[in-house]
Amino acid sequence: ALYPFELAQPRALFEFALALQNESTGVWIEPRVVAKAGWPKDSKSSLLGSETLDGIFHVLRSKDQLIAHDASLNATLLPRARTACDILLATSAGQMNDKDHMLRQYGKNSHDIANVVATVGECAR
């Protein structure tokens, strides 16, 4: 096993988590289709927090479990997981490389920055 536990219904979890990801920013707390909701206006207003960490965790860890049981799934699951990370990392990089944004967002309460860093770490595995 990849962990001391197995995820229940990993294929359903993989599909469900991907279905909740915002298509343009890669985060999990916003409307899935920005054009319909009209927000966020840009990647700087996207929220990177625990919901996003949970979302990418579920995508990547369920993918790992599925591939561990059936390596042939790698050809279909890995590109989808990479795309999810690519979109999310573009938003993360835009925010983390903007000193003013980082001070404004996390200067008074740095609690959420651990989620941002852990999210990047999940994608880097």
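Calculate, in nm to one decimal, what Asp86 and Leu20 gain on full extension: separation in residues at 0.36 nm each, minus their alpha carbon distance.
Details: separation 66, 0.36 × 66 = 23.76 nm, distance 1.57 nm.
Gain in length upon complete extension: 22.2 nm.
Return the Rg/Rh value of region 59-125, two decimal places, where both radii are evaluated on C-alpha atoms and Rh is the Kirkwood radius. Mind showing how you got there, number by number?
Working: Rg = 15.1 Å, Rh = 13.4 Å.
Using Cα coordinates only, the ratio equals 1.13.
Which ³J(HN,Hα) values, rounded to whole Hz and listed in residue order, are derived for region 117-124 from phi using the Karplus coefficients 6.51, -1.76 and 1.60 in 6.51 cos²θ - 1.76 cosθ + 1.60 with θ = phi - 60°, glycine and proline given as x?
Values per residue, Gly and Pro as x: 5, 5, 5, 4, x, 4, 5, 7 Hz.
Ranked highest first by the average count of other Cβ atoms within 10 Å around their residues, in what order do 13-26, 96-109 fall?
Averaged packing, sorted descending, gives the order 13-26, 96-109.
Each reported figure results from applying straightforward, stated rules to the coordinates on display, with no laboratory input. Keep in mind it's a predicted model, so treat the numbers as computed, not measured. Virtual Cβ from ideal backbone geometry, glycine too; neighbours counted across all protein chains shown.
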